[in-house]
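So the structure is just underneath, and the comments pick up after that.
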Amino acid sequence: MEQGTIIKVSGPLVVAEGMNEAKMYDVVRVSEKKLIGEVIELRGDQASIQVYEETGGLGPGEPVFSTGEPLSVELGPGLIRSIYDGIQRPLNVIWEQVGDYITRGVDVPALDREKKWAFQPSSLKVGDEVSPGDILGTVQETPTVVHKILVPPGLQGVVEEIKGGEWTVEETVARIKTASGVEEVNMLQRWPVRKERPYREKISPDVPLITGQRVVDAFFPVAKGGTACVPGPFGSGKTVLQHALAKWCDAEIIVYCGCGERGNEMTDVLMEFPELDDPRTGDKLINRTVMVANTSNMPVAAREASIYTAITIAEYFRDMGYSVALMADSTSRWAEAMREMSGRLEEMPGEEGYPAYLPTRAAQFYERAGRVKCLGSDSREGALSVIGAVSPPGGDLSDPVVQATLKVVQVFWSLEDWLAYERHFPAINWLSSYSLYIDNLEEYFRREVAEDWADMRKGALKILQQEAELKEIARLVGVDALSPQDRLTLDTAKSLREDFLHQNAFHEVDTYTSFAKQYRMLRAILLFHNQAQKAFQDGMEFKKLASLPVKEEIARMKYIPEDKIQTFDRLEEKIKTQMMDN
Ligand code: ADP
């Protein structure tokens, strides 16, 4: 329906008049080319429209058509394995049809309309009462993912029919009698991306997202449904870390949202990510992944929409009762898109030209993470964990985007390039990183890992902090001037760094460490420390320490499969006897 007329075009911003009927965040189609745009400001009958496609050649006088709908995504079978752009156009399908460059105004539905899916009804019977979130049936979407078809939000009634069989996403799979008539339910839902999807209630984030990465799990854990932030200076190992997390974290579904700085970078991600092996299933990771990506030939504005598109898709899988991990890389690009639009709207700039509402937007985004009781009568739980990467210019952490992010996320993994130069991987600085979930997770660790896990963690971190101070002193007076106890602290810290924190993502055993094995490793290092302290009191000389064969055994633990690690008692016995022998 024709609605208004363009009066001004400024890059991705189009201003149109005659827009009295428009609502904020309505999607409009701009000009006869039907470019996709979103209303982001209304003043009188004038609307400012953020256009998600190249606006070159547009000019005043051209029409703007309303759709009367907010920017929404399609949700249903077919999401997994898809690669979408910021407004959910299926890039893999478009590439096949029109090649690398997306012609303007292309209209390809996000979910395939032809493909038939085998819908397996749940145990619901005719006459059963259903409400939003109840499971109508399932579709085996990929070898790894069972897609649950839920009663959509807002629909309540009595089952009249559920039809098993092969259906497209638009065909009816169930009929539900509601107070206002019979509703035909299919497998396709639409949801406005800027609106959080409903759940019953949030629950305390007191279970860790287990990643098998020792520095993360043991020292700076993130909760399931939690939020984390990671900066990634070039060459710091961010990609390797992201891949390791995606492969190993105990989330069933991965949503990867990428905005690359340079064109190639995103293309690399799009090529590499789908090819990653999925160690849990022996299959490819793409079979439980949805990707949202902005390649360089897309206008900046599309980046702004992309993280909302991604998180809405992630929420949809959370609603099925899955643990979902969303990785957004990099949210700095998203904030920059916001800055650009804000500049063109001539809003009052805040710090570094970012709009004053940047912190609010960042908070609203991360607040959509969480562990929840889903809608639906089976009281299932779902979790959406968000790991946001930031890329401040020059690695400067006082950057407004970093600061706005750190105010809302609970975990900070301080990835630093100097550690990478020293080949300390993952290059996460143990002194400046933090996790605010520690108190929440303590009970879990006590129950599932060990009674003394929390104390061990504290002890190990303390030794690493002491190392930093002692190194300063040693620089002034020389290592030899330190007491044996202090030299032992330095020695143990080195062991913690090299034998525990160093983790080779490419070694078949070292790439993943269970909590049980992490506990054994940490305990062995700390036991060695404690026994050595005693031995020094009994007069052991410092230089003897390095020659103890058990040290080598501790260092090799990370390469030994969990089931082959000798039991503690034997290792502990060895530590004790070798100390006494000396
Ligand atoms: P970035 O994406 O930050 O530019 P990469 O993730 O590509 O950097 O990492 C650069 C290189 O660092 C990798 O090619 C690899 O050699 C090394 N590296 C990073 N992390 C690890 C790790 N956990 N184990 C072993 N090598 C690593």
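When you check Glu469 against the structure, is it part of a helix (DSSP H, G or I) and open to solvent by 80 Å² or more (accessible area, probe 1.4 Å), yes or no? Even if it seems obvious, please write down each step before you answer.
Details: part of a helix (DSSP H, G or I): yes; open to solvent by 80 Å² or more (accessible area, probe 1.4 Å): yes.
When the stated conditions are applied, Glu469 passes them.
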**Report entry** Checklist (1) within 13 Å of the ligand (Cβ to nearest atom); (2) open to solvent by 30 Å² or more (accessible area, probe 1.4 Å); (3) in contact with a helix residue (DSSP H, G or I) (Cβ under 6 Å, 6 or more places away or on another chain); (4) not acidic (Asp, Glu) applied to Val408, failing item
**Finding:** (1)
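I'd like to verify a number: residues in region 7-26 that are in a strand (DSSP E or B), among the hydrophobic types (A, V, I, L, M, F, W, C) and surrounded by fewer than 21 Cβ atoms within 10 Å (Cβ to Cβ), how many? So that I can check it myself, show each step before the final result.
As a first pass, look at region 7-26 and keep what is in a strand (DSSP E or B): 7-10, 13-17, 26.
Filter again for among the hydrophobic types (A, V, I, L, M, F, W, C), leaving 7, 9, 13-16.
From the residues that got through so far, the ones that are surrounded by fewer than 21 Cβ atoms within 10 Å (Cβ to Cβ) too are 7.
Of the residues in region 7-26, 1 are in a strand (DSSP E or B), among the hydrophobic types (A, V, I, L, M, F, W, C) and surrounded by fewer than 21 Cβ atoms within 10 Å (Cβ to Cβ).
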Requested in this report: Would you check which residues across region 478-490 are open to solvent by less than 60 Å² (accessible area, probe 1.4 Å) and farther than 14 Å from His529 by Cα and list them?
Outcome: Gly478, Leu482, Ser483
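For the subset of region 491-504 comprising residues that are of a type outside the set (S, T, N, Q) and open to solvent by less than 30 Å² (accessible area, probe 1.4 Å), which member is nearest to the ligand (Cβ to nearest atom)?
So the first thing to find is which residues in region 491-504 are of a type outside the set (S, T, N, Q), and the list is 491, 493-494, 496-502.
Applying the additional criterion that residues be open to solvent by less than 30 Å² (accessible area, probe 1.4 Å) yields 493, 496, 499-501.
Numbers: Ala493: 20, Leu496: 17, Asp499: 15, Phe500: 14, Leu501: 11 Å.
Restricting to residues being of a type outside the set (S, T, N, Q) and open to solvent by less than 30 Å² (accessible area, probe 1.4 Å), the top hit is Leu501.
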Requested in this report: Go through region 48-58 and give me each residue that's within 20 Å of Met341 (Cβ to Cβ) and of a type outside the set (Phe, Trp, Tyr).
Outcome: Ser48, Ile49, Gln50, Val51, Glu53, Glu54, Thr55, Gly56, Leu58
Report summary line: The one condition Lys574 fails out of (1) of a type in the set (D, E, K, R); (2) at pLDDT 85 or above; (3) under 22 Å from Val479 (Cβ atoms) is (3)
Query raised in the report: If you scan region 194-249, which residues turn out to be open to solvent by less than 20 Å² (accessible area, probe 1.4 Å), more than 12 Å from the ligand (Cβ to nearest atom) and among the charged types (D, E, K, R)?
Result: Arg197, Asp217
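Going residue by residue through region 415-434, is there one that turns out to be under 18 Å from Gly370 (Cα atoms), more than 16 Å from the ligand (Cβ to nearest atom) and either outside any helix (DSSP H, G or I) or open to solvent by 10 Å² or more (accessible area, probe 1.4 Å) (or both)? Step through it out loud before you land on a result.
Initial filter on region 415-434 (under 18 Å from Gly370 (Cα atoms)): none.
No, region 415-434 contains no residue that is under 18 Å from Gly370 (Cα atoms), more than 16 Å from the ligand (Cβ to nearest atom) and either outside any helix (DSSP H, G or I) or open to solvent by 10 Å² or more (accessible area, probe 1.4 Å) (or both).
The values are calculated or read from the model by the stated rules, or taken from the named source; none is laboratory data. These numbers come from a predicted model, not from an experiment. Positions of Cβ are backbone-derived with ideal geometry, glycine not excepted, and every protein chain shown enters the neighbour counts. Just the protein is used for accessible areas: all its heavy atoms, side chains included, with ligands, DNA and RNA removed. Shrake-Rupley method; radii C 1.70, N 1.55, O 1.52, S 1.80 Å.
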